[in-house]
1. When Lys and Arg each count +1 and Asp and Glu each count -1, what net charge do the other residues less than 11 Å away from Glu267, Cβ to Cβ, add up to?
2. Taking 0.36 nm per residue of sequence separation and subtracting the Cα-Cα distance, how much length would be gained by fully extending the chain between Thr51 and Phe119, in nm to one decimal?
3. Calculate, for Val186 and Phe83, the FRET efficiency according to 1/(1 + (r/R0)^6) with r their C-beta to C-beta distance and R0 25 Å; round to the nearest 0.05.
4. Mind ordering 100-109, 63-72 by average Cβ neighbours within 10 Å, highest first?
5. Just add up the charged neighbours of Gln87: K/R +1, D/E -1, any other residue whose Cβ is under 13 Å from the Cβ of Gln87.
6. Count charges around Leu53 for me, please; just the other residues with Cβ under 15 Å from its Cβ, Lys/Arg as +1, Asp/Glu as -1.
7. Work out the FRET efficiency for Met32 and Asp281 from their Cβ-Cβ distance, taking R0 = 45 Å, and round it to the nearest 0.05.
8. Percent of alpha carbon pairs in the range 37-164 separated by more than 23 Å?
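Please treat every number below as a calculation from the coordinates, not as lab data. All figures in this text were calculated on a predicted structure; none of them were measured in a lab. Here the Cβ positions follow ideal geometry from the backbone for every residue, glycine too, while neighbour counts run over all protein chains shown.
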Amino acid sequence: MSAIMMKIRLNYQRVSLSQWGQKLFKSLAMPMLGIAAFLLLWSLAARNIDTSLGQFPGPVAVAEQSVNLWDEHLAEREKAEKFYERQEKRNADRVAKDPGYVPKVRQYTGKETFIDQIFTSLVTVACGFALAMLIAIPGGIATGLSKSLNQAINPLVQLFKPVSPLAWLPLVTMVVSALYVAPDPVVPKSFLNSMITVTLCCLWPTMINTAVGVASIDNDLLNVSRVLRLGALTHVSKIVLPSSVPMIFTGMRLSLGIAWMVLIAAEMLAQNPGLGKFVWDEFQNGSSSSLSRIMVAVLVIGFIGYLLDRGMLAIQRHVSWDKSSTVR
């Protein structure tokens, strides 16, 4: 009997190891295989493409420029540190000679590096996306709860949803320039232009999905709310929001992806600081390394977009009761 049990246990362990191996192969080996095939095709295609700026960059050239961009960032940071050290020394000497002197601290005005522009774009998209969610989620809940409001707002949503960021940007720029006339603005106008454009373009997926999620709440839950005579705020917090969380997060993931794409386009068109401006400046520069640097930016833009989506998915998995909707 014990021998039979041992055989069963060994067979179970073999099956478990086999299943684990298959899962590991699917989760690691297959993606690596796909990436390797992409790099090979990219390398072969790059050798046969000649442009006005030289041969199209392959993976090796792009990797070299990635290192160069990082080195440029470190060199610029070193210049900034030396600038502040010299300034601090001058101020200390001036105060030693004149104790009543109030030191003036000037900001370093060197050029933004590639890394700086990555963070600029991330801050802009985060602010634009957050502002859009503050409008879209309450608006979606309101339109989902009220059929009359939904009928009134839906035509406007369908009208503005397909509008390109390239159409919004000139209007936003003119309005911001007309209304934001502070002599010493705390927030640069270029930041506001990009942020508001992002907000206007990424509102709609979250608003639509939130409204659909709220409108499709199970009638049993609505009846429970009526029986318990829950107030409006309690009804929303205890019934509406928990039930519509999966649809809300689906809309938020779509909105975040749109926000990131819109931002790059807006930065390129308006020459606002960020990754889009970096790409356009390199294109205008026309040096032998420009294509490689643009390709670095393209890969970084795609990778950041992927991380943003995975981050939103992780948050959704944490807060959502419906785990089946978070498998991707």
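1. Net local charge, Glu267 excluded: 0.
2. Length difference between fully extended and current span is 21.4 nm.
3. Approximately 0.60, to the nearest 0.05.
4. In decreasing order of mean packing, 100-109, 63-72 become 63-72, 100-109.
5. Residues near Gln87 contribute +4 overall.
6. Neighbour charge sum, excluding Leu53 itself: -2.
7. So the FRET efficiency works out to roughly 0.85.
8. The proportion of pairs with Cα distances above 23 Å equals 69 percent.
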